[in-house]
Structures are given as structure tokens and as C-alpha cells.
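Asks: Supplied in C-alpha cells, the structure appears directly below.
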Amino acid sequence: MAELLKSQPERPPYFRRMEQVNLDGVPLLGAKAAMPVLDMLSPAAFEAVIEKALGDVQILDTRQELGFAAAHIPNALSIWQDGLASFAGWFLSYTSPILLVTEKHDADATVRTLIRQGYDNIAGCLAGGMLSWHMSGRSSAAIRTLTVQDLCSLLDQGEHLWILDVRSAGELERDGQITGATHIHITQISLRSQEVPKDRTVYVFCGSGMRSMIAASYLQSRGWSDLVVILGGMSGWRSRRCPLRRS
């Protein structure tokens, strides 16, 4: 039983809101229920919402991590579509409007998932995605990436790197750890971000690279500028037979 509990995710903050919603009641949102009309915003209209909110708006980008890394709207949070149910509740607030950037056909699924978690303040979605944003001449941000092989090579050369490992305690015990890495579980990043240095390159590591991009995007939106996401994470690390420390 102890091993089973260790592998379970922590209780996200939105559970408290869901408890209240369950008590008060909410209209059912079945598989074929009518969805709220989602405003598809031009880049100019999208930017206008940000400016009108004086920055008090959440930009949620649900594209895959490589697309986000290459180019995204400044201050956007990366949570891939299938990860919303697990991670949105740890990073999104209920008080600020949400703007969406999605893959071409994901907008309705994204809205449905968010509403089921109690997020109903969705201000709109970027029409045409990042292509339309770039074609309008607007600037974007990026996050550097590195393969596990390149990270392993840097460590073999004696480089003293600051590595942030956002995996769970159960994963660390089961799969091993990179010697010298700092462990902050992905669900604790918002609470413990002060432990992450801003004056060094931070290499962010997880099981595959997807949770790493969540953490890196969150930190970038709050002023961290020198971030590198390790592609492939522990899956790639083990495939390359890079050294691990066991608990």
C-alpha cells in the first residue's frame, strides 16, 4: 500500500473548488452537451485582451512541447492537451481570464477539460495559432532544448550544472537520479521557485520532457531567462545508459 500511495499524484488545489461545486451544483457537461461559444481572436484582438487586462491574464498553450519550445507567445504557460487534467489545477488560477493557444482542432477539447475543472473564465483562443501570430509580425519567445546525450556529455566533461528534476519521489526511487540534481516535484514549482537560481543556466529534467516544459514555461513567465529543457528525460537517459544514482 505504501508503494501504491507513493506513486499517486498529490491533491491539486482545484479539488477544493470542485468540492464546493459538487455541493452547490453545476450544469452537467456531457460528451455531447452544448459548449460555450469560444471567441476565436485575431492576433490583434488577442493582444488587446492582454493589454486591457494589464497583464492579469493567463495564456495557456496546449501544443506539444517541441512546438512550444521553438516559439510561443511571451509569458505563456505550456501544458500539453492530454496533460491538462493532471496539471492545469496546479498552475492556473480561477481569478484571471484564460487565453488559449492550441493545435488546429484542440480548442473545443481544451475548453471542455478546463470547464470540468471549474475554469469558466476563458477569454478566447488565438485564431490560426502561432502561424497567424507570426504572420502578424508579433514577437515570440523560445526555450532552449538539449538531448540527454548532450547533457550526459557535459557531465562527463566535469561541467558543474544546475539540474532541476521535477519527477515524483516514486520515480526517483524507481528509476534513479542524476547525481547533483535538485529535486522539486512539478506540483511544487510554484511554491518553491525561489530555490531555483536566476543567475545560472537551469537544466530542467523529467520523465520525457513534457513536464519539464511546464516547469520551464512557468519559470520563464516569472523572470527566469536561462532555461534548458532536456528532451527525452529519464526515458532517453536510460536508453543512452548514462550514469544514475540509486537511493
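Asks: Is region 117-133 home to any residue that is farther than 23 Å from ASP82 by Cβ, surrounded by fewer than 15 Cβ atoms within 10 Å (Cβ to Cβ) and modelled with pLDDT of 95 or more?
Replies: no
Asks: Also, quick follow-up: Does region 172-181 contain any residue that is hydroxyl-bearing (Ser, Thr, Tyr) and modelled with pLDDT under 95? Before the answer, list the steps.
Replies: The initial filter retains those residues of region 172-181 that are hydroxyl-bearing (Ser, Thr, Tyr), namely 179.
From what's left, modelled with pLDDT under 95: 179.
Yes, region 172-181 contains at least one residue that is hydroxyl-bearing (Ser, Thr, Tyr) and modelled with pLDDT under 95.
Asks: Checking the conditions here, which among GLY124, GLY137 is touching an Asp or Glu at 6+ places or on another chain (Cβ under 8 Å) and of a type outside the set (A, V, I, L, M, F, W, C)?
Replies: Numbers: GLY137 fails: touching an Asp or Glu at 6+ places or on another chain (Cβ under 8 Å).
Being touching an Asp or Glu at 6+ places or on another chain (Cβ under 8 Å) and of a type outside the set (A, V, I, L, M, F, W, C) holds for just one of GLY124, GLY137, which is GLY124.
Asks: Which pairs do you get when a residue that is closer than 15 Å to ASP120 by Cα, found in region 82-109, comes within reach of a residue that is acidic (Asp, Glu), reach meaning Cβ atoms under 7 angstrom, with the pair 6+ apart or on two chains?
Replies: SER96/ASP56
Asks: Let me ask something else about it. Please determine, by comparing only the residues of region 209-247 that are of a type in the set (S, T, N, Q) and surrounded by fewer than 17 Cβ atoms within 10 Å (Cβ to Cβ), which one is nearest to the chain's Cα centre (by Cα). Walk me through how you get there before you give the answer.
Replies: Taking region 209-247 first, the residues of a type in the set (S, T, N, Q) are 212, 217, 220-221, 225, 235, 239, 247.
If we keep only those that are surrounded by fewer than 17 Cβ atoms within 10 Å (Cβ to Cβ) too, we end up with 225, 235, 239, 247.
On the way: SER225: 16, SER235: 19, SER239: 24, SER247: 27 Å.
That would be SER225.
Asks: Since ILE59 meets every condition but one in (1) touching a residue at least 40 places away in the same chain (Cβ under 8 Å); (2) out of contact with any Asp or Glu (no Cβ under 6 Å at 6 or more places or on another chain); (3) under 11 Å from MET210 (Cα atoms), which condition does it not meet?
Replies: Condition not satisfied by ILE59: (3).
Asks: Okay, next question. I'd like to know if region 201-222 contains one or more residues that are over 28 Å from ILE59 (Cα atoms), basic (Lys, Arg) and in contact (Cβ under 8 Å) with a residue 40 or more places away in the chain.
Replies: Taking region 201-222 first, the residues over 28 Å from ILE59 (Cα atoms) are none.
Looking through region 201-222, none of the residues is over 28 Å from ILE59 (Cα atoms), basic (Lys, Arg) and in contact (Cβ under 8 Å) with a residue 40 or more places away in the chain.
Yes or no, residue by residue, for (1) more than 28 Å from PRO97 (Cα to Cα); (2) assigned by TED's automatic domain parsing to the domain that holds GLY83; (3) touching a Gly at 6+ places or on another chain (Cβ under 9 Å); (4) small (Gly, Ala, Ser):
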site	(1), (2), (3), (4)
ALA123	no, yes, no, yes
ALA127	no, yes, no, yes
HIS183	yes, no, no, no
THR201	yes, no, no, no
PHE205	yes, no, yes, no
MET210	no, no, yes, no
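Asks: On to the next question. Quick one: which of ILE143, ILE98 is under 15 Å from LEU41 (Cα atoms) and modelled with pLDDT of 95 or more? Working first, answer last.
Replies: Details: ILE143 fails: under 15 Å from LEU41 (Cα atoms).
That would be ILE98, the only listed residue that is under 15 Å from LEU41 (Cα atoms) and modelled with pLDDT of 95 or more.
Asks: Consider only pairs whose beta carbons are under 8 Å apart and that are at least six residues apart or on different chains; among these, list those whose first residue lies in region 138-153 and is touching a residue at least 24 places away in the same chain (Cβ under 8 Å) and whose second residue is surrounded by 14 or more Cβ atoms within 10 Å (Cβ to Cβ) and of a type in the set (S, T, N, Q).
Replies: Taking only residues 6 or more apart or on different chains, the pairs are ALA141/ASN75; ALA141/GLN220; ILE143/SER217; ILE143/GLN220.
Asks: Quick check on region 79-111: of everything there that is among the aromatic types (Phe, Trp, Tyr) and part of a loop (DSSP other than H, G, I, E, B), which residue is surrounded by the fewest Cβ atoms within 10 Å (Cβ to Cβ)? Write out each step before concluding.
Replies: First pass over region 79-111, keeping only residues among the aromatic types (Phe, Trp, Tyr): 80, 87, 90-91, 94.
Adding the requirement that they be part of a loop (DSSP other than H, G, I, E, B) leaves 80, 94.
Numbers: TRP80: 20, TYR94: 14.
Among those residues, the one meeting the criterion is TYR94.
Asks: In the set LEU146, LEU131, LEU172, LEU164, which member is more than 28 Å from ALA109 (Cα to Cα), of a type in the set (A, V, I, L, M) and more than 19 Å from the chain's Cα centre (by Cα)?
Replies: LEU172
The values are calculated or read from the model by the stated rules, or taken from the named source; none is laboratory data. Note that the structure is a prediction, hence the values are computed from the model and not measured. All Cβ positions, glycine included, derive from the backbone under ideal geometry; neighbour counts span all protein chains shown.
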